[in-house]
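Trainee: My structure is below; once you've seen it, I'll send some questions.
The values are calculated or read from the model by the stated rules, or taken from the named source; none is laboratory data. Everything numeric in this text was worked out from a predicted model, so none of it was measured. Glycine also receives a Cβ, built like all others from the backbone with ideal geometry; neighbour counts cover every protein chain displayed.
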Amino acid sequence: MIDWLKSWRPNQEQVAAAVRWLIVVIGTGAVSKGWVDDDQLTMIAGIGAALVPLVWSFVIKTHAMQAQGAAALDDVTVIVGPKAQPSLRELARDPSVPNIEVK
């Protein structure tokens, strides 16, 4: 995988914009093929607009993401204890993520 893609963390607006774009592109093709009509596409787009923030809120609220966000702040060091989740301990050992220590 491309290195920059591993470290890229899109914000909620970027994810929502990407999903809206995909719905429009795929939906336009589906309407032109006759697979769905305009009303069905509107319903699908509404469901997508409601579900994206819900799913994204679960993604960004993982312990590792919260620790990484806190460590990105100036003068903040995140201390990861020995009983922390494996994803947190792995993140603390990653040299590309500063300000996270394992104790």
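Trainee: Out of Val52, Val97, Val76, I need the residue that is part of a loop (DSSP other than H, G, I, E, B) and either in contact (Cβ under 8 Å) with a residue 24 or more places away in the chain or among the polar types (S, T, N, Q) (or both). Which one? Spell out how you get there, then give the answer.
Mentor: On the way: Val52 fails: part of a loop (DSSP other than H, G, I, E, B); Val76 fails: either in contact (Cβ under 8 Å) with a residue 24 or more places away in the chain or among the polar types (S, T, N, Q) (or both).
Step by step, each of Val52, Val97, Val76 is checked, and only Val97 is part of a loop (DSSP other than H, G, I, E, B) and either in contact (Cβ under 8 Å) with a residue 24 or more places away in the chain or among the polar types (S, T, N, Q) (or both).
Trainee: Continuing with this model, one more query. Among the candidates Ala50, Ala71, which residue alone is surrounded by 15 or more Cβ atoms within 10 Å (Cβ to Cβ) and among the small types (Gly, Ala, Ser)? Walk me through it before giving the result.
Mentor: Values: Ala50 fails: surrounded by 15 or more Cβ atoms within 10 Å (Cβ to Cβ).
Sole residue among the options that is surrounded by 15 or more Cβ atoms within 10 Å (Cβ to Cβ) and among the small types (Gly, Ala, Ser): Ala71.
Trainee: Right, another one. Just to be sure, is Arg9 outside any loop (DSSP other than H, G, I, E, B) and basic (Lys, Arg)? Working first, answer last.
Mentor: Numbers: outside any loop (DSSP other than H, G, I, E, B): no; basic (Lys, Arg): yes.
Criteria not met by Arg9.
Trainee: From Val24, Val36, Val55, grab the single residue that is under 11 Å from the mean Cα position of the chain (by Cα) and not assigned by TED's automatic domain parsing to the domain that holds Leu91. Walk me through how you get there before you give the answer.
Mentor: On the way: Val24 fails: under 11 Å from the mean Cα position of the chain (by Cα); Val36 fails: under 11 Å from the mean Cα position of the chain (by Cα).
Just one listed residue meets the conditions, Val55.
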